[in-house]
1. Helices (runs of 4 or more DSSP H) wholly in the stretch 9-85 with at least 1 residues that are at pLDDT 95 or above and surrounded by 19 or more Cβ atoms within 10 Å (Cβ to Cβ) - which ones?
2. All but one of (1) assigned to a helix (DSSP H, G or I); (2) over 22 Å from GLU31 (Cβ atoms); (3) within 23 Å of the chain's Cα centre (by Cα) hold for GLU93; which doesn't?
3. For the stretch 52-62, give me the residue count where each residue is more than 8 Å from the ligand (Cβ to nearest atom) and in contact with a Phe, Trp or Tyr (Cβ under 9 Å, 6 or more places away or on another chain).
4. Assess whether LEU115 counts as being modelled with pLDDT of 70 or more, part of a helix (DSSP H, G or I) and within 16 Å of the ligand (Cβ to nearest atom).
5. Which one of these is over 22 Å from ARG3 (Cα atoms), away from the ligand (no atom under 12 Å from the Cβ) and acidic (Asp, Glu): GLU45, GLU31?
6. Before we move on, is LEU156 hydrophobic (A, V, I, L, M, F, W, C), modelled with pLDDT of 65 or more and exposed (fewer than 10 other Cβ atoms within 10 Å of the Cβ)?
7. Tally the residues that are more than 21 Å from ARG41 (Cβ to Cβ) and small (Gly, Ala, Ser), restricting the search to the stretch 65-100.
8. Can you spot a residue in the stretch 20-30 that is of a type outside the set (Phe, Trp, Tyr) and under 22 Å from ARG108 (Cα atoms)?
Amino acid sequence: MSRPEADPRIPFPHTDARLACRTNPGWFVHEYGQSSSKADRERIEQARQACRRCPIAADCLKWALANPELTPTGIWAATVSRERKALRRRLQERHGLDWVGVVAAADRAREQARLNRARPPAPDPAPAASAMWARPYEPWREPLTPGRQQRNRELLNQT
Ligand code: SF4
């Protein structure tokens with residue numbers, strides 16, 4: 001049986017950080033309805049703690065919720081399957097059946113707003129040019145700095 005495809009609208013976050021789920025995958029094993037021993041509970045708590053410190057936990061959770069077929073078991077972003085089901089139900093109630101599409105569109109809008117904020121507004125060349133030509137040439141109005149004073153002296157000595 002082929003592995004289901006990930007929903008491309010919510011990509012898995014990129015990070016160069018060492019993720020506990022990759023270095024210690026055994027901690028993150030959890031079957032639906034698994035009756036757990038004390039050792040299991042401790043291991044699961046260890047995984048949850050690691051997720052809480054993970055730099056991509058928020059995006060990992062979003063990806064796990066958007067891809068139920070890829071995350072039917074295991075611990076993802078400190079959640080077990082039952083908790084993810086409950087979160088998906090709430091997302092569906094709030095945003096409708098295509099909640100993944102709604103969340104992805106909101107992500108795109110946020111990213112676009114961030115890019116717009118980062119980009120300085122493009123100068124309008126026409127007003128800048130006309131302002132330059134409209135300004136009269138009045139070098140005397142420029143501050144007489146020590147450098148300018150020195151240059152003036154040199155010019156006087158040349159004449
Ligand atoms: S939050 Fe996600 S990526 Fe981070 S350690 Fe947990 S399962 Fe791995």
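The values are calculated or read from the model by the stated rules, or taken from the named source; none is laboratory data. Model, not experiment: these values are computed from the prediction. All Cβ positions, even for glycine, are placed from backbone atoms using ideal geometry, and neighbour counts span all protein chains on display.
1. Qualifying helices (runs of 4 or more DSSP H): 38-52, 57-66.
2. If we test GLU93 against (1) assigned to a helix (DSSP H, G or I); (2) over 22 Å from GLU31 (Cβ atoms); (3) within 23 Å of the chain's Cα centre (by Cα), just (3) comes out false.
3. Here the count works out to 1.
4. The answer is no for LEU115.
5. Going through GLU45, GLU31 in turn, the sole match is GLU45.
6. Taking the combined requirement at face value, the residue satisfies it.
7. Qualifying residue count, the stretch 65-100: 2.
8. No, there is no match, as no residue in the stretch 20-30 is of a type outside the set (Phe, Trp, Tyr) and under 22 Å from ARG108 (Cα atoms).
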